[in-house]
Amino acid sequence: MNVTDLRDELTTHADDLGAAPDFRAGIAARVRRTKRRRATAAGAATLAVAALAVGLVGATGRQAPAVPAGRASGTATSTAPMIGSDGMPYRTVPDAPGDVVRDGLRYRAKVADDTLAAGFIGDPGQAQFSLAWEPTTVHVSVGAECYLPDLTQDEASAYLVTLGLEGRAGFFGSQCKGGRPTERDLPAGGAVPGEPGQGWTELTVGRSARLRVQLVDAKTSKPASVEGAQLTGAVYEQGRQQPVVDSTGRTVASLPDVVEHQGYRYELIGIEAAPLASWHDLTTGVPAGMALVTWGSAGDNLTGSSATADSGTRLTGLPSGTEGHGYGSWGTSPVPDGSDHTVTVTTVGPRPDHGAGFLALYTLEH
């Protein structure tokens, strides 16, 4: 099943979302050209989203494989895709060489364009371990999970799992979870050390690095031990990223060229951005078919601004209604198949003097 067939199949499953506003003529024309090219030749068309303020970061132009059939329903003979609760296609990704699999948990070797550099799933009761790898890039994401199967969530909140480079000051931490994992696949990375666009400067390409993962008391930060605790940790080397810059030209965020959602890959086709200090709304059309929008704001001095607790960015135009983020945060929202949409990022309340808001559009990879 190719992408066009997948979209046709999803249309029969999609809820009636109602009519949506026409998206901008520039994108509509490109979508029409794309459909005509698909009727006569294989391959992918690259769309471009017109930039506002700071400017457009274009698509990568990378050729990508077609969506394979038969994975969605878990059988090799099925061609009908499963639909997730968000109206987007869903499929289980099979095990692959390089995956770290243990006790029913998995770190995948490849997620979107990010590659697992080091991953470990500890024994029950193991309170610490180290991850060693030889960096090929300083642009990485790191993450650790902590599961306390015999504790409630309230009891588990008394513990943290921390990770940091051995022999270096500073570490990252996240709260432990009570009970057992509900998903097989563990999160790919999480924290992105270093300044946006610069990477983790404490790493050196080609020089071995070691990351310590440890269970600690949340109040004292001292090492702890809990019977049955299971820790996991991973380092992912990031794929290509595109910068979001503020009015001074400083990179305030980096967005991946490719993201993955429910087992499918989505490619970046454009970014719009505007300085928060001289804000104007960001609007883009979303072509018919499955898409994701990553939106919000980033930059320094956000928490020290005059912004109130209720202020931040808002996304309108989604079938599910308006969504919001506080200043200095962002996320990704799905746009299900079934109709065309126009989405807009606005701001609410006083804005910070620094940073930029942005709106990035991803479509299902061809």
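Some values worked out for this structure:
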read-out: Of residues in segment 106-130 being of a type outside the set (A, V, I, L, M, F, W, C) and part of a strand (DSSP E or B), the one nearest to the chain's Cα centre (by Cα); value: Asp114
read-out: Subset tally (residues that are hydroxyl-bearing (Ser, Thr, Tyr) and within 28 Å of Asp246 (Cβ to Cβ)) for segment 261-277; value: 1
read-out: Leu215 vs. criteria part of a strand (DSSP E or B), closer than 30 Å to Gly299 by Cβ and more than 21 Å from the chain's Cα centre (by Cα); value: no
read-out: Which numbered condition Gly228 fails, given (1) within 30 Å of Ala127 (Cβ to Cβ); (2) assigned to a strand (DSSP E or B); value: (2)
read-out: Any hit, segment 50-61, residues being more than 30 Å from Gly228 (Cα to Cα), of a type in the set (S, T, N, Q) and modelled with pLDDT of 95 or more; value: no
read-out: Scope segment 131-154; condition within 16 Å of Val235 (Cα to Cα) and aromatic (Phe, Trp, Tyr); matching residues; value: Trp133
read-out: Filter result for Leu215 (open to solvent by less than 40 Å² (accessible area, probe 1.4 Å) and under 28 Å from Phe171 (Cβ atoms)); value: yes
read-out: Single unsatisfied condition, Pro124 versus (1) closer than 15 Å to Asp185 by Cα; (2) touching a residue at least 40 places away in the same chain (Cβ under 8 Å); (3) open to solvent by 60 Å² or more (accessible area, probe 1.4 Å); value: (1)
read-out: Residues being on the phi < 0 side of the Ramachandran plot, at pLDDT 90 or above and surrounded by fewer than 16 Cβ atoms within 10 Å (Cβ to Cβ) - total across segment 86-101; value: 6
read-out: Pair list, Cβ under 8 Å, 6 or more apart: segment 196-214 residue more than 26 Å from Ala229 (Cα to Cα), other residue among the aromatic types (Phe, Trp, Tyr) and outside any loop (DSSP other than H, G, I, E, B); value: Ser208/Trp133
read-out: Any hit, segment 147-154, residues being hydrophobic (A, V, I, L, M, F, W, C), closer than 26 Å to Gln242 by Cα, open to solvent by 30 Å² or more (accessible area, probe 1.4 Å) and more than 22 Å from the chain's Cα centre (by Cα); value: no
read-out: Of all residues making up segment 251-289, the number that are closer than 30 Å to Ala132 by Cβ and either crowded, with 24+ Cβ neighbours inside 10 Å or free of Cβ contacts under 8 Å to residues at least 12 places away in the same chain (or both); value: 1
read-out: Single unsatisfied condition, Leu203 versus (1) in a loop (DSSP other than H, G, I, E, B); (2) of a type outside the set (D, E, K, R); (3) open to solvent by 40 Å² or more (accessible area, probe 1.4 Å); value: (3)
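Here's the yes/no breakdown for (1) more than 13 Å from Gly233 (Cβ to Cβ); (2) touching a residue at least 60 places away in the same chain (Cβ under 8 Å):
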{"site": "Arg106", "(1), (2)": "yes, yes"}
{"site": "Phe120", "(1), (2)": "no, yes"}
{"site": "Phe129", "(1), (2)": "no, yes"}
{"site": "Ala156", "(1), (2)": "yes, no"}
{"site": "Gly164", "(1), (2)": "no, no"}
{"site": "Asp185", "(1), (2)": "yes, yes"}
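Results for (1) touching a residue at least 60 places away in the same chain (Cβ under 8 Å); (2) out of contact with any Cys (no Cβ under 6 Å at 6 or more places or on another chain); (3) open to solvent by less than 80 Å² (accessible area, probe 1.4 Å), shown as yes or no for each residue.
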| site | (1), (2), (3) |
| --- | --- |
| Pro181 | yes, yes, yes |
| Gly190 | no, yes, yes |
| Pro223 | yes, yes, no |
| Gly228 | yes, yes, yes |
| Tyr236 | yes, yes, yes |
| Arg240 | yes, yes, no |
| Gly249 | no, yes, yes |
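Let's see how each residue does on (1) more than 24 Å from Pro193 (Cβ to Cβ); (2) under 19 Å from the mean Cα position of the chain (by Cα); (3) assigned to a strand (DSSP E or B):
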position	(1), (2), (3)
Thr248	no, no, no
Ala253	no, yes, yes
Glu260	no, yes, yes
Leu268	no, yes, yes
Ile271	no, yes, yes
Ala274	yes, no, yes
Ser278	yes, no, no
Thr283	yes, no, yes
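The values are calculated or read from the model by the stated rules, or taken from the named source; none is laboratory data. Bear in mind that the values here come from a model prediction, so they are computed numbers and not experimental data. For neighbour counting, all protein chains shown are included, and Cβ atoms are generated from backbone atoms with ideal geometry for every residue, glycine included. Protein only, heavy atoms only, side chains kept; ligands, DNA and RNA dropped before computing areas. Shrake-Rupley method; radii C 1.70, N 1.55, O 1.52, S 1.80 Å.
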